[in-house]
Amino acid sequence: MAVLVSVDQVKNLALTERHGTIVALTRGAVVKGVAELNDDYQALLAALNAAGIPQYGSFLDGPEFGGLVLHNRNVKIKEDDPDWADVTLEYGPLAQGQEIPATSATGTLYGRVKCGIAQKKTNFYKIRNSGSPDEVVQIFVEHTFPADDPDYPNQYFEQGGEIDVYLPQATFTFEGFLNTANPWGVTALLIGNINNGIWCNQEAEMWMCTEVGWSVCNTRQQDDGTPPRYHFDFEFQLNPEGWQPTAVFVDQRTGKPPPNLEEDVGYKTIPYYRTRNFSEAFESYFEGWQQLG
């Protein structure tokens, strides 16, 4: 039976620091008892699976390591004694090539945000009120025709207006490692859902989960019953006007909404998309998850 003898062999320790932050670490371990398997391949696997050997995707403890994650595990049988194996453990940022800020705390997730511009048509705008709900205001325009107009002399008209607006839309993506027997279940829990409460510093129904990607890290279930390990990517898109669509009454004669429509009568927000408490969902999957924003 392969047994871990020690981790952090001095001769195999190496560390890289950049701008005062630890960005890479190499550790070494020694495992004994691999020769009894009488199969080189099984001996190598036994060394990697020995109790106490860190698993792929595990994080280093301690804030000084900034959440370095185990990317590579290399094992080699000792030439002078085939019952012993050297295991090299290589740690780096969760996203390869990504710098870890000096203030980063140990955790299970790393995120990044990018912004773009989206165009939409609307018949309403919002008046932002500090400390109270936004006021939704209908856009309408008015006109009085001149006396010599052949069709509507001196007549006054009001009609709903429509404008094209450009909205900055942020895309928030983050990634992490998760042990699960059902990655499809994780995907179904989040994809296409919008937040049902304040999340990432935004009001309810403004964030939508638009993508969940995953790849297999380790398909084997561990001896203690721990399910296989996967690497997950999550993407959320922000709609500052809210994701739920709005239905508006249109005057068939003008093709525009009439003025002074009554809320929940002349125009209604339709609860089309499913809502989810994203914080609770991630707390149930990722140990150490904290509300962002």
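None of the figures in this text is laboratory data; all of them are computed from the coordinates on show. The structure displayed is predicted, hence computed values, not measured ones. Cβ sites come from the backbone with ideal geometry, for glycine too, and all protein chains shown count toward neighbours.
Mind checking which aspartates and glutamates have their Cα closer than 16 Å to the Cα of Lys78? Skip sequence neighbours fewer than 8 apart in that chain.
The qualifying aspartates and glutamates are Glu36, Asp39, Asp40, Asp86.
Have a look at Gly242, Asn123, Gly161 and report the one farthest towards the positive end of the charge dipole of segment 109-285, computed about the Cα centre with Cβ charges (Lys/Arg +1, Asp/Glu -1).
Gly242
Could you check the simple spin-label distance between Glu79 and Arg253, using points 7 Å along Cα→Cβ, in nm with one decimal?
Between Glu79 and Arg253, the label points sit 9.6 nm apart.
For a Förster distance of 45 Å, can you work out the FRET efficiency between the beta-carbons of Glu280 and Tyr41, rounded to the nearest 0.05?
It comes out at approximately 0.55.
Take Asn49 and Arg128, extend 7 Å from each Cα along the Cα→Cβ direction, and tell me the distance between the two endpoints in nm.
According to this spin-label approximation, the distance is 5.6 nm.
Distance in nm between label sites at Leu167 and Thr226, each 7 Å beyond Cα in the beta-carbon direction?
It is 4.2 nm.
Between Ala188 and Glu262, what length comes free when the chain is fully extended (0.36 nm per residue of separation minus the Cα-Cα distance, one decimal in nm)?
Contour length minus Cα-Cα distance gives 23.0 nm.
Can you list the residues of segment 128-148 with backbone N under 20 Å from a point 7 Å past the Cα of Thr246, pointing along Cα to Cβ?
Zone members listed by number: 128-142.
By the scheme Lys and Arg +1, Asp and Glu -1, what is the net charge of all other residues having a beta-carbon under 15 Å from that of Tyr152?
After counting each charged neighbour, the total is -4.
Lysines within cross-link reach of Lys120: Cα-Cα under 19 Å, excluding same-chain residues under 8 positions apart?
Cross-link targets: Lys256, Lys268.
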